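Let me begin by presenting the structure, written as structure tokens, before commenting on it.
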Amino acid sequence: MARKKDNGPGGLVIVDKPAGFTSHDVVAKLRGIARTRRVGHAGTLDPMATGVLVIGVEKATRLLGHLALTEKEYTATIRLGQDTVTDDAEGATTAAAGASGIARGTLDAAVAGLTGRIEQVPSKVSAVKVDGKRAYQRVREGEDVALAARPVTVSAFTVHEVREERAEDGTAVTDLRVTVVCSSGTYVRALARDLGAGLGTGGHLTALRRTRVGPYALDSARTLEQLQAEVDGADGADGRAELSLLPLGEAAAAAFSRWDVDAEQARLIGNGAQLHMPAQEFAAAAPIAVFGPEGGLVALVEEHQGRAKSLAVFA
């Protein structure tokens with residue numbers, strides 16, 4: 001991984017978020033480690049969740065909104081037999097019907113019903129806005145929030161282990177170890193809730209780990225402790241080393257289709273011109289990374305009526 005030379009282009013940091021941290025907490029920590037205020041994240045992780053959080057530094061923050069829309073992968077533990085107010089283990093139990101002896105065929109059929117293109121109602125304590133205010137804020141204020149269903153895609157929902165347990169209150173429960181591959185905007189805790197509802201047992205999430213965001217996976221992630229230790233080295237003039245980043249161009253090339261242009265095309269696109277795009281070479285409306293003749297990232301564009309419409313310019 002190349003080392004950042006200055007505060008200009010910036011790049012990405014793939015963080016293995018610890019439990020108990022909000023995504024904002026991680027951003028705040030990275031601002032200190034990278035010594036810049038220009039830091040953001042691509043896709044929120046709940047405090048209970050761990051795993052891949054994509055952080056952008058400097059100009060790479062312009063990529064984040066587009067990276068947040070990519071496919072995500074999770075490992076999770078779903079507990080059948082109890083409902084909670086938050087659809088996860090951090091909320092108070094609202095019902096305890098119990099769950100034991102569920103036939104594997106019945107379970108697999110319920111999981112299959114939540115796979116593919118589905119309509120999902122987000123959790124009431126999600127960050128979805130209702131009349132300008134986050135749903136979780138309204139719930140905290142005592143409101144009964146009703147959210148509309150929206151389409152999401154669950155590409156894979158796989159049960160790896162089924163284990164019967166006893167909850168702390170003595171309720172007979174069934175824990176499922178699962179993996180989920182899904183589109184942006186999918187709530188895994190809502191899958192747990194809906195699976196329990198479909199089985200008549202109730203359900204909630206007890207553990208969640210994000211293992212991939214688009215092309216960025218846990219094998220390239222570093223913990224906050226590792227990142228802090230890296231900059232605490234004595235390589236820099238002030239006794240601190242520079243934080244190593246995934247360079248802007250490499251980050252874009254890994255996540256988006258690539259369009260290489262000549263110097264004149266790069267200049268025009270960098271100035272916002274909407275050039276004709278190669279016919280049928282790129283998916284319509286999908287972000288495309290434009291690279292100049294020297295390999296530098298010029299812009300992110302999308303195809304619009306045969307022309308390149310700029311989403312973000314980096315040149």
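A short reminder: the numbers here are calculations on the coordinates, not readings from a lab. The structure displayed is predicted, hence computed values, not measured ones. Ideal geometry is used to build each Cβ from the backbone, glycine not excepted, and the neighbour counts take in all protein chains shown.
Across q = 0.14 Å⁻¹, the range 162-262 modelled as identical point scatterers on its alpha-carbon atoms has Debye log10 I(q)/I(0) values of -0.82, in the order of the q list.
When peptides 34-46, 149-161, 201-213 are ranked by their average number of other Cβ atoms within 10 Å per residue, the highest-first order is 201-213, 34-46, 149-161. In sequence order, the range 247-258 has phi-based couplings of x, 3, x, 5, 4, 5, 5, 6, 9, 10, 4, 10 Hz under the Karplus curve 6.51 cos²θ - 1.76 cosθ + 1.60, θ = phi - 60°, and Gly or Pro positions carry x.
Averaging the inverse of every distinct alpha carbon separation and then flipping it gives the Kirkwood radius. What is it for the chain, in angstrom units? The answer is 21.5 Å. Sort the range 256-313 into rounded, prolate or oblate with this rule: let a ≥ b ≥ c be the square roots of the eigenvalues of the Cα gyration tensor; rounded if a/c is under 1.5, and if a/c is not under 1.5, prolate when a/b is larger than b/c, oblate otherwise. Because a/c hits 1.5 or more and a/b exceeds b/c, the range 256-313 counts as prolate. What's the angle, to the nearest 10 degrees (0 to 90), between helix 23-34's Cα axis and the longest principal axis of the chain? So the helix axis and the longest Cα principal axis differ by about 30 degrees.
Once the Cα-Cα distance is subtracted from the 0.36 nm per residue extended length, the HIS160 to ALA217 segment shows a gain of 18.5 nm. For the range 72-210, a simple Cβ point-charge model (Lys and Arg +1, Asp and Glu -1, everything else neutral) yields a dipole of about 500 debye relative to the Cα centre. Which of LYS59/LYS124; LYS17/LYS309; LYS17/LYS59; LYS72/LYS309 have a Cα-Cα distance over 31 Å? From LYS59/LYS124; LYS17/LYS309; LYS17/LYS59; LYS72/LYS309, over 31 Å: LYS59/LYS124; LYS17/LYS309.
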